[in-house]
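Asker: Here it is, the structure in full.
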Amino acid sequence: MNPMNNFEIKILGICGSPIRDGNTEVFLRKALEFAEAEGAKTELIRLADIEVKDCVHCNWCLFNQTENDFCAQKDGMTEIYRKILEYDGLLVATPVYIRRFSGKLANLLDRLRALELGKYYRRRYPLKDKVAASLAVSWFRHGGTETALLTLNQSFLIWDMIVAGLGAAGFSSINGTGKFDPSDKHLILKDEFALKQAEKTAKRMVELIKMVKKAKAK
(Lines give C-alpha, C1' and ligand atoms only; values in the text may rest on other atoms or scores of the structure.)
Protein backbone atom coordinates (compact mmCIF):
# COMPACT_ATOMS: atom_id res chain seq x y z
CA MET A 1 0.00 0.00 0.00
CA ASN A 2 1.23 3.47 -0.85
CA PRO A 3 2.02 5.27 2.44
CA MET A 4 0.99 8.52 0.76
CA ASN A 5 -2.62 7.35 1.13
CA ASN A 6 -2.39 6.87 4.90
CA PHE A 7 -2.60 10.47 6.05
CA GLU A 8 -4.80 11.22 9.02
CA ILE A 9 -7.54 13.65 8.03
CA LYS A 10 -9.20 15.75 10.72
CA ILE A 11 -12.19 18.01 10.09
CA LEU A 12 -13.60 20.38 12.69
CA GLY A 13 -17.28 21.25 12.42
CA ILE A 14 -18.49 24.51 13.94
CA CYS A 15 -22.22 25.07 14.36
CA GLY A 16 -23.02 28.77 14.41
CA SER A 17 -26.61 28.40 15.57
CA PRO A 18 -27.70 29.57 19.04
CA ILE A 19 -30.19 26.66 19.05
CA ARG A 20 -29.05 23.30 20.41
CA ASP A 21 -29.98 20.26 18.31
CA GLY A 22 -31.68 22.41 15.69
CA ASN A 23 -31.75 22.01 11.93
CA THR A 24 -28.36 23.66 11.43
CA GLU A 25 -26.70 21.32 13.89
CA VAL A 26 -28.22 18.13 12.48
CA PHE A 27 -27.31 19.26 8.95
CA LEU A 28 -23.72 19.72 10.06
CA ARG A 29 -23.72 16.34 11.81
CA LYS A 30 -24.87 14.66 8.60
CA ALA A 31 -22.12 16.37 6.63
CA LEU A 32 -19.53 15.23 9.19
CA GLU A 33 -20.88 11.68 8.91
CA PHE A 34 -20.30 11.86 5.16
CA ALA A 35 -16.72 12.97 5.83
CA GLU A 36 -16.23 10.11 8.29
CA ALA A 37 -17.42 7.67 5.60
CA GLU A 38 -14.48 8.94 3.53
CA GLY A 39 -12.06 8.18 6.36
CA ALA A 40 -11.92 11.52 8.15
CA LYS A 41 -11.90 12.03 11.90
CA THR A 42 -14.34 14.73 12.94
CA GLU A 43 -15.38 16.82 15.90
CA LEU A 44 -18.30 19.22 16.31
CA ILE A 45 -18.28 22.43 18.32
CA ARG A 46 -21.56 24.22 18.82
CA LEU A 47 -21.48 27.90 19.66
CA ALA A 48 -24.76 27.52 21.54
CA ASP A 49 -22.66 26.06 24.37
CA ILE A 50 -19.76 28.49 24.24
CA GLU A 51 -19.33 32.17 24.96
CA VAL A 52 -17.51 33.91 22.11
CA LYS A 53 -17.28 37.64 22.61
CA ASP A 54 -16.94 40.05 19.72
CA CYS A 55 -13.52 41.34 18.70
CA VAL A 56 -13.07 44.78 20.28
CA HIS A 57 -9.99 45.66 18.19
CA CYS A 58 -7.95 46.39 21.28
CA ASN A 59 -4.87 45.21 19.31
CA TRP A 60 -3.56 43.28 22.31
CA CYS A 61 -2.81 40.34 20.02
CA LEU A 62 -0.64 42.50 17.75
CA PHE A 63 1.84 43.29 20.53
CA ASN A 64 1.45 40.71 23.31
CA GLN A 65 0.38 37.42 21.76
CA THR A 66 2.36 34.25 22.47
CA GLU A 67 1.97 30.74 21.08
CA ASN A 68 -0.65 29.72 23.64
CA ASP A 69 -2.00 33.10 24.67
CA PHE A 70 -3.98 34.17 21.63
CA CYS A 71 -6.19 37.04 22.71
CA ALA A 72 -6.80 39.42 25.59
CA GLN A 73 -10.34 38.09 25.96
CA LYS A 74 -10.42 34.79 27.84
CA ASP A 75 -13.54 33.01 26.70
CA GLY A 76 -14.52 30.01 24.58
CA MET A 77 -12.34 31.17 21.70
CA THR A 78 -9.20 30.04 23.51
CA GLU A 79 -10.05 26.37 22.97
CA ILE A 80 -11.46 27.05 19.50
CA TYR A 81 -8.15 28.62 18.44
CA ARG A 82 -6.34 25.46 19.53
CA LYS A 83 -8.80 23.21 17.70
CA ILE A 84 -8.60 25.19 14.46
CA LEU A 85 -4.80 25.00 14.53
CA GLU A 86 -4.95 21.24 15.12
CA TYR A 87 -7.43 20.31 12.39
CA ASP A 88 -6.89 20.06 8.61
CA GLY A 89 -10.34 21.23 7.59
CA LEU A 90 -13.02 23.58 8.89
CA LEU A 91 -16.69 22.92 8.09
CA VAL A 92 -18.85 25.81 9.26
CA ALA A 93 -22.65 25.74 9.44
CA THR A 94 -24.97 28.67 10.01
CA PRO A 95 -28.65 29.47 10.13
CA VAL A 96 -29.55 32.34 7.83
CA TYR A 97 -30.43 35.54 9.68
CA ILE A 98 -31.34 38.60 7.58
CA ARG A 99 -29.71 36.96 4.54
CA ARG A 100 -26.39 36.45 6.29
CA PHE A 101 -24.71 34.16 8.80
CA SER A 102 -25.47 34.31 12.53
CA GLY A 103 -24.12 36.91 14.93
CA LYS A 104 -22.46 34.22 17.06
CA LEU A 105 -20.58 33.00 14.03
CA ALA A 106 -19.63 36.56 13.07
CA ASN A 107 -17.98 36.95 16.47
CA LEU A 108 -15.92 33.82 15.90
CA LEU A 109 -14.83 34.85 12.41
CA ASP A 110 -13.87 38.33 13.59
CA ARG A 111 -11.78 36.84 16.38
CA LEU A 112 -9.74 34.81 13.87
CA ARG A 113 -8.00 38.12 13.26
CA ALA A 114 -5.71 37.03 16.07
CA LEU A 115 -4.40 34.13 13.97
CA GLU A 116 -3.67 36.40 11.03
CA LEU A 117 -2.39 39.58 12.66
CA GLY A 118 -1.29 38.48 16.14
CA LYS A 119 2.36 38.93 17.12
CA TYR A 120 3.15 35.21 17.28
CA TYR A 121 1.05 33.88 14.38
CA ARG A 122 1.08 36.63 11.75
CA ARG A 123 4.16 35.35 9.90
CA ARG A 124 3.32 31.68 10.38
CA TYR A 125 0.10 31.79 8.31
CA PRO A 126 -1.62 29.06 10.35
CA LEU A 127 -4.83 29.06 8.28
CA LYS A 128 -3.10 28.95 4.90
CA ASP A 129 -3.93 25.78 2.91
CA LYS A 130 -6.41 24.48 5.45
CA VAL A 131 -9.55 23.33 3.63
CA ALA A 132 -12.81 25.08 4.48
CA ALA A 133 -16.44 24.67 3.50
CA SER A 134 -19.77 26.16 4.49
CA LEU A 135 -23.34 25.04 5.14
CA ALA A 136 -26.44 27.21 5.52
CA VAL A 137 -30.03 26.58 6.57
CA SER A 138 -32.91 28.98 5.94
CA TRP A 139 -36.63 28.88 6.64
CA PHE A 140 -37.84 30.24 3.29
CA ARG A 141 -36.83 29.60 -0.30
CA HIS A 142 -34.75 32.58 -1.51
CA GLY A 143 -34.16 33.41 2.13
CA GLY A 144 -30.47 34.23 1.71
CA THR A 145 -28.63 30.91 1.77
CA GLU A 146 -26.47 31.87 -1.21
CA THR A 147 -25.48 35.17 0.43
CA ALA A 148 -24.61 33.41 3.68
CA LEU A 149 -22.48 30.83 1.86
CA LEU A 150 -20.69 33.45 -0.22
CA THR A 151 -19.82 35.65 2.74
CA LEU A 152 -18.50 32.67 4.69
CA ASN A 153 -16.41 31.56 1.73
CA GLN A 154 -15.05 35.08 1.26
CA SER A 155 -13.86 34.99 4.87
CA PHE A 156 -12.01 31.74 4.20
CA LEU A 157 -10.35 33.20 1.10
CA ILE A 158 -9.11 36.23 3.05
CA TRP A 159 -7.10 33.81 5.18
CA ASP A 160 -5.70 31.87 2.18
CA MET A 161 -7.74 28.80 2.99
CA ILE A 162 -8.77 26.41 0.22
CA VAL A 163 -12.53 26.53 -0.27
CA ALA A 164 -14.25 23.25 -1.15
CA GLY A 165 -16.83 24.64 -3.58
CA LEU A 166 -19.78 26.86 -2.83
CA GLY A 167 -20.99 24.60 -0.01
CA ALA A 168 -24.45 23.25 0.72
CA ALA A 169 -27.75 24.86 1.70
CA GLY A 170 -31.18 23.62 2.64
CA PHE A 171 -34.52 24.46 4.21
CA SER A 172 -35.95 23.98 7.67
CA SER A 173 -39.54 24.22 6.39
CA ILE A 174 -41.29 21.97 3.88
CA ASN A 175 -39.69 22.71 0.50
CA GLY A 176 -38.78 26.16 1.76
CA THR A 177 -42.44 27.29 1.75
CA GLY A 178 -42.67 28.20 5.43
CA LYS A 179 -45.00 25.28 6.10
CA PHE A 180 -43.91 22.87 8.78
CA ASP A 181 -44.79 19.69 10.58
CA PRO A 182 -44.90 20.39 14.34
CA SER A 183 -44.08 16.74 15.02
CA ASP A 184 -40.82 16.97 13.05
CA LYS A 185 -38.25 19.48 14.27
CA HIS A 186 -35.58 18.44 11.76
CA LEU A 187 -37.14 19.06 8.37
CA ILE A 188 -33.68 19.69 6.91
CA LEU A 189 -33.32 15.89 6.87
CA LYS A 190 -36.23 15.76 4.42
CA ASP A 191 -34.38 18.04 2.00
CA GLU A 192 -32.81 15.37 -0.21
CA PHE A 193 -31.04 17.84 -2.49
CA ALA A 194 -29.44 19.59 0.49
CA LEU A 195 -28.19 16.28 1.86
CA LYS A 196 -26.70 15.33 -1.50
CA GLN A 197 -24.92 18.69 -1.66
CA ALA A 198 -23.64 18.21 1.89
CA GLU A 199 -22.28 14.81 0.93
CA LYS A 200 -20.60 16.27 -2.16
CA THR A 201 -19.08 19.06 -0.08
CA ALA A 202 -17.78 16.67 2.58
CA LYS A 203 -16.23 14.38 -0.01
CA ARG A 204 -14.59 17.32 -1.73
CA MET A 205 -13.12 18.48 1.58
CA VAL A 206 -11.54 15.09 2.18
CA GLU A 207 -10.25 14.96 -1.38
CA LEU A 208 -8.64 18.39 -1.13
CA ILE A 209 -7.08 17.67 2.27
CA LYS A 210 -5.49 14.53 0.82
CA MET A 211 -4.14 16.54 -2.10
CA VAL A 212 -2.64 19.18 0.19
CA LYS A 213 -1.03 16.59 2.46
CA LYS A 214 0.45 14.66 -0.45
CA ALA A 215 1.81 17.83 -2.03
CA LYS A 216 3.42 18.94 1.24
CA ALA A 217 4.87 15.47 1.84
CA LYS A 218 6.62 15.62 -1.51
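Asker: Rounded, prolate or oblate for the stretch 37-117? Axes are the square roots of the Cα gyration tensor eigenvalues, ordered a ≥ b ≥ c, and the cut-off for rounded is a/c under 1.5.
Answerer: Verdict is oblate for the stretch 37-117.
Asker: Taking H as built 1.01 Å from N, whose amide H comes closer than 5 Å to the amide H of Gly13, not counting residues under 5 places away?
Answerer: Long-range HN contacts for Gly13: Glu43, Leu44, Ile45, Leu91.
Asker: Looking only at GluC sites (Glu not before Pro) in DSSP loops with at most 16 other Cβ atoms within 10 Å, what is the longest site-free stretch of the chain?
Answerer: It works out to 68-218.
Asker: Just check the stretch 57-159 against the gyration tensor rule for me: Cα atoms, a ≥ b ≥ c as the square roots of the eigenvalues, rounded for a/c under 1.5, and otherwise prolate or oblate depending on whether a/b exceeds b/c.
Answerer: Prolate shape, in that a/c is at least 1.5 and a/b is the bigger ratio.
Asker: Another question about this same structure. Whole number in Å², please: accessible area per residue of the chain, 1.4 Å probe, ligands, DNA and RNA not counted.
Answerer: Accessible area per residue: 51 Å².
Asker: While we're looking at this one, here's another question. Output ³J(HN,Hα) for the stretch 193-206: one whole-Hz value per residue in order, computed from phi by the Karplus curve 6.51 cos²θ - 1.76 cosθ + 1.60 with θ = phi - 60°, and x for Gly and Pro.
Answerer: Along the stretch 193-206, the couplings run 5, 4, 5, 5, 5, 5, 5, 4, 5, 5, 5, 5, 4, 4 Hz.
Asker: Using a 1.4 angstrom probe on the protein heavy atoms only, could you order Arg113, Arg204, Arg122, Arg141 from most to least accessible area?
Answerer: Accessible-area ranking of Arg113, Arg204, Arg122, Arg141, largest first: Arg141, Arg204, Arg122, Arg113.
Asker: List the lysines whose Cα sits under 24 Å from the Cα of Lys104, skipping any in the same chain fewer than 8 residues away.
Answerer: Result set, ordered by chain and number: Lys10, Lys30, Lys53, Lys74, Lys83, Lys128, Lys130, Lys185.
Asker: Counting only protein heavy atoms, what percent of the accessible surface of the chain is carbon or sulfur at a 1.4 Å probe?
Answerer: On the chain, the fraction of accessible area on carbon and sulfur atoms equals 52 percent.
Asker: With only alpha-carbon atoms counted, please give the Rg and Dmax of the chain, in Å.
Answerer: For the chain, the Cα radius of gyration and maximum Cα-Cα distance read 17.4, 54 Å.
Asker: When the chain is treated as a GNM, springs tying every alpha-carbon pair under 10 Å, which of Asn59, Asn68, Asn175 comes out with the largest mean-square fluctuation?
Answerer: Sorting by GNM fluctuation, first place goes to Asn68.
Asker: Oh, and also: Quick check: net charge around Gly167, other residues with Cβ under 11 Å of its Cβ, Lys/Arg +1 and Asp/Glu -1?
Answerer: +1
Asker: Also, I was wondering about something else. Using θ = phi - 60° and the Karplus relation 6.51 cos²θ - 1.76 cosθ + 1.60, list the HN-Hα couplings for the stretch 162-177 in order, rounded to whole Hz, with x at every Gly or Pro.
Answerer: 9, 8, 8, x, 5, x, 9, 9, x, 10, 9, 10, 5, 6, x, 8
The values are calculated or read from the model by the stated rules, or taken from the named source; none is laboratory data. The structure presented is a predicted model; accordingly, all values stated were derived computationally and were not measured. Every residue, glycine as well, gets a Cβ built from its backbone with ideal geometry; the counts of neighbours run over all protein chains shown. Heavy atoms of the whole protein, side chains included, go into the accessibility calculation; ligands, DNA and RNA do not. Shrake-Rupley method; radii C 1.70, N 1.55, O 1.52, S 1.80 Å.
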